[in-house]
Structures are given as C-alpha cells and as structure tokens.
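Quick notes on the structure that follows.
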Amino acid sequence: MAAAGEPHKPKDWSELPKDLIVLITERLSAYADHVRFSSVCFSWNSALARSDELINHSPSLQHQYFPLLVLPNRLKDTEDKNRCSWGLLSLTENGKIYKLHGLPKEFRSMHCPGSSHGWLVIVDVATPSINIFNPFTRAQLPLPPMDTFRSM
Amino acid sequence: MSSTKIFLKSSDDKTFEIDETAARASETLKNIIDGGCLDGVIPLPNVSSNILPKVIEYCKKHGGDNGSSKKIANGGVDKDKEILPDYDEEEDKREKVRVDELKKWEEEYMDFDQQVLYDLMLAANYLHIKGLLDLTVEKAASMIRGRTPDQIRENFNINSDFTPEEEEEMILIEDEWDDEWAFD
C-alpha cells in the first residue's frame, strides 16, 4: 500500500480502500446520490455492489434512504430505442424529480401495481406475466403465471 | 497530565515530536503507548512527512479528547451535564463558546484540496483518529451530494474506466429540471 502523503505522486481516488468508500456512502441520505456515486468508476462500483447487496437484503438498512416514488406518467422513450426512462420523485429533496435511464423498453407498456422493499411488481397484460423487478440492480424474477392465482 | 514527548517517524524517515496527551487522540498510538513497547520512536510506514504535521496539528487541538466532534453533533450539549443536580449555566455558556471556537477551528483546518483530503482520510483511518476520520469522510461526502457522476469525477480528478458497453448498461439518475411534464 502506498504511504498516505507520498510526495509527488498524484492521488488516485479510484484506489480508495473499500471500507472508506462504504463510510462515505453511509453519509449519503439520498439514494440518487448513492447511485451516482457508484457509477463514477469501476472500483467504486464494485465496492458499493457489496453494500447494495446488504441494503437489498436488510430492510433496516433501507431505512437509511427515504423512498423515491415512481411516476407512471413519466415513463418515456429515450433516444436509444431499446431503452426507456422513468421519472422518480424524491420526497426529501423538495420534490426533485430524477430521470432513471437505461431501463428495458418493454417496461414502457407494462403496469406496476405496487412495490415492496425496492422491488416493483411489473404486470405485462399482453403476455400475460408478472415479474418483480429491482430498477437499480435490474434484478428480475418471474412470478407464477396469473392463472395460478384463483382470485384473478 | 503528563507531557512526555513521543517521536513519530514518517514513511520518508522524518521524525516529528508530539506530546503524549496529544498522541492519545489516536487509538493506534494510544495502544502502542499503553502497550509499553514504546522504543523511543514510533515508525509510521503509512504516513509521509507531507501529511504527518497536519495529523499532529489535529491531535494537539484535541489532546486525546475523541469526543469533541460528538459534542458538536449534539449541538454542543453534553448529555452528562444535563442530569447533574448543580447544572451550571455559566459552565454551559463557556462550553458553547468552546464548541463554537472548535467549529471555527475545524472549518479553517479542513480548508485544503482533494489531494490532501485523500491522504488525511487514509492517515486518520490508519491511526484510528475517529474525529478526524469523521471530518474527512464528511468532506468527501459533501463533494458527492447532489452531483452527477461527471461532476464527482471532476471533483476527485478521476477518469471513468467503464467500457462503452458497461457505460451503456449503466443506470443513470439525472436531475430533470424541464417541466415538460408538469403536473396538471
């Protein structure tokens, strides 16, 4: 490990030790900041992937962040025809609206009846199928076909 | 209070003097001192002579008192004092003045560029100086809040090392300021 303050050697922040990256992210109360922090460079991204995993598996850690509301009327096609973007309303930052890019374009026509712990329930009426989807990790899991639910 | 001198040797072999009481602000140094294996000079192979005086300056100011930044976080109110029967208003005022003075000192102390911040954060982490680590981590977080990845890269002088494909896949959160879709 290079000595802190080694003369004449420019400091490379991308080499910041993981435990310090995690300490910094603990001080970001807006989830948008967390996401943008992790998309700065590869090493920060992989350091935070681990803490993302922790956040996704621990409801108590999710409480570090205030919820973002998905704005259904802000689904939009982007220049890239295979992607679409969503509007997210931040409750803590004076109603600031973020645009979440790079989502699969199929989501444009799907219906989201609810969410839990960061997972969105996505219903595709055309197929028909139900999936749960995490918009930040992009993890997607299929749920059993609709006809297995007697009430539907 | 003992005023025994401790000598610290930087990674580039320069020796610095510090009072033992000040050195105790660092958990790492405190353990070395208490461990009794102090052999005149403590070598610090992870801290260079560029940054060690800055670390010593912090330790001198805090003199083994690791709780100072916590007091600031509580708005300068020391919880223990509130439950004392003889609550001294004058003492409370003096404490507030002391905390304000410390805040001002910290503001001036923390006025440096990102290169120094990097070294100081690493040194605080290595030497286990809780208050200094809190200050440096908070400064880094303040350079990230509300900023786009490009602005963060600029602040910390780093280049994006994602491949164009990874960049494409990246979830991007952007501020949306246009009111094209304003609520009706």
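FYI, it's all coordinate maths here, none of it is from the lab. Worth saying up front: this structure is predicted, and the values here are computed from it rather than measured. Here Cβ is always computed from backbone atoms with ideal geometry, including for glycine, and neighbour counts include all displayed protein chains.
Mind giving me the nanometre distance, one decimal, between the label points for B:ASP150 and B:GLU90, set 7 Å out from Cα along Cα→Cβ?
6.1 nm
What list of ³J(HN,Hα) values in whole Hz, one per residue of the range A:103-110 in order, does the Karplus curve 6.51 cos²θ - 1.76 cosθ + 1.60 (θ = phi - 60°) give from phi, with Gly and Pro shown as x?
So the Karplus estimates, Gly and Pro as x, are 8, x, 5, 4, 5, 4, 9, 9 Hz.
Students often get this wrong: which residues of the range A:96-122 have the backbone nitrogen under 13 Å from the point 7 angstrom along Cα-to-C-beta of A:LEU69?
Counting backbone N atoms under 13 Å from the label point, the list is A:96-98.
Counting other C-beta atoms within 10 Å, and keeping those with at most 11, which DSSP coil GluC sites (Glu not before Pro) do you find in the range B:1-55? Spell out each step's value before the answer.
Values: sites: B:GLU17, B:GLU20, B:GLU27; in loops: none.
Sites meeting the loop and neighbour criteria: none at all.
So what are the ³J(HN,Hα) numbers for the range B:155-162, from phi and the Karplus equation (6.51, -1.76, 1.60; θ = phi - 60°), rounded to whole Hz, Gly and Pro as x?
Values, residue by residue: 4, 9, 6, 10, 9, 5, 10, 7 Hz.
How far is the Cα center of the range A:88-148 from the Cα center of the range B:99-151, in Å?
Each part's Cα centre sits 38 Å from the other's.
Once amide H atoms are built 1.01 Å from N in the peptide plane, which residues 5 or more positions from A:CYS112, or in another chain, come under 5 Å H to H?
Amide H neighbours of A:CYS112: A:VAL123.
For the range B:4-10, take each phi angle, set θ = phi - 60°, evaluate the Karplus expression 6.51 cos²θ - 1.76 cosθ + 1.60, and give the result in whole Hz per residue in order, putting x for glycine and proline.
For the range B:4-10, the Karplus curve yields 4, 8, 10, 10, 10, 10, 6 Hz.
Would any residue of the range B:11-33 have its amide N under 14 Å from a label point 7 Å out along Cα→Cβ of B:VAL41? List them or say none.
B:11-18
Between A:CYS112 and A:ALA49, what is the label-point separation in nm under the 7 Å Cα-to-beta-carbon projection?
Each label point lies 7 Å from its Cα, and together they span 2.4 nm.
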